[in-house]
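Q: Provided herewith is a single structure, encoded as structure tokens, for subsequent inquiry.
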Amino acid sequence: MTTSPSSPEPPPDGPARSVDVVLPCLDEAAALPWVLRRIPPGWRALVVDNGSTDGSDRVARELGATVVREARRGFGAACHAGLTAATAEIVCFCDCDASLDPSDLVPFVDEIRSGAADLVLGRRRPRGRGAWPAHARAGNAALSLLLRRRTGLRLRDLGPLPARRSGYPLEMVVRAADAGWRITEHDVPYAPRTGASKVTGTWRGTYQAVRDMSRVLQEPPAREGVTP
Ligand SMILES: Nc1nc2c(ncn2[C@@H]2O[C@H](COP(=O)(O)OP(=O)(O)OP(=O)(O)O)[C@@H](O)[C@H]2O)c(=O)[nH]1
Ligand SMILES: [Mg+2]
């Protein structure tokens, strides 16, 4: 997911680094080397850790990433802390479990830079068995329908980012749609994750994600607009 926040401030370290990638991370030490090697040159990796016990923060730091600490537990809190810490002109979000390749974000960023879109989303296209279990896909399809009813947006995926606990990325999409942002969606390869499933890889996680996201879709439109 790639978006351009309406920050009037230029990044403190100049135009050279105009992309920050927020990587929510919970016990992903095994996947981090693969993920961080694929961050495009000149972009900053912001690894947000709020409770890893496998040394993810140390691994991330050793590989040159900026580690953002967040006291509150949960995926949504991590995403939000990453967005708050970001200072670049363009901010991307990417899972940190080696299921998605951060270099696939390059054309997304180009689309934002060209002015053709304000928010670009990835549609996961599974590579290999087990990349995207049937129950998680069914939950996604049901929520896509609810999203269309709520906003008119025809998205085929609600993004590889679930949350607050699970409503965060969907909330971002709903608010962007309410504010009239131009939102586009493009295919991204989705591989089986490295390491243990945490969110929609389990039945319980999918149930929670669908419940949290349904709640987001039932909320009335925000009163204040958001300017892209
Ligand atoms: N900081 C932080 N990151 C989290 C938390 N829960 C999940 N993540 C990270 O968020 C990203 C997405 O979570 P995943 O566990 O891959 O969720 P998923 O893709 O729906 O399902 P699986 O890949 O099967 O687990 C991964 O990089 C996780 O490490 C959390 O509580 N805190
Ligand atoms: Mg995953």
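Q: From zero up to wherever the largest Cα-Cα distance of the chain sits, split into 5 Å bins and tell me the percent of pairs in each.
A: 1, 7, 15, 20, 22, 18, 11, 5, 1, 0
Q: Would you please put 58-71, 18-31 in order of how densely packed they are, using the mean number of other Cβ atoms within 10 angstrom per residue and starting with the highest?
A: So the peptides 58-71, 18-31, ranked by packing, come out 18-31, 58-71.
Q: Which percent of the accessible area of the chain is formed by carbon and sulfur heavy atoms (probe 1.4 angstrom)?
A: Carbon and sulfur together cover 53 percent of it.
Q: What full-extension length gain, to one decimal in nm, is calculated for R61 and R156 as 0.36 nm per residue of separation minus the Cα-Cα distance?
A: 30.7 nm
Q: Under a Cβ-only charge scheme (Lys and Arg +1, Asp and Glu -1), can you give me the dipole magnitude of the range 2-217 about the Cα centre, in debye to the nearest 20?
A: That gives a dipole near 920 debye.
Q: Further, regarding this structure: Provide the per residue accessible area, probe 1.4 Å, for the chain, rounded to a whole number of square angstrom.
A: Here the per-residue accessible area is 48 Å².
Q: So, one more: Tell me the mean residue ellipticity at 222 nm calculated for the chain from its helices only (DSSP H runs of n ≥ 4, each -39500 (n - 2.57), averaged over every residue, nearest 500).
A: -10000 deg cm²/dmol
The values are calculated or read from the model by the stated rules, or taken from the named source; none is laboratory data. Just so it is clear, the structure is predicted and the values come from calculations on it, not from any experiment. Cβ atoms come from the backbone with ideal geometry, glycine included; neighbour counts cover every protein chain shown. Note: accessible area is taken over every heavy atom of the protein model, side chains too, but ligands, DNA and RNA are not part of it. Shrake-Rupley method; radii C 1.70, N 1.55, O 1.52, S 1.80 Å.
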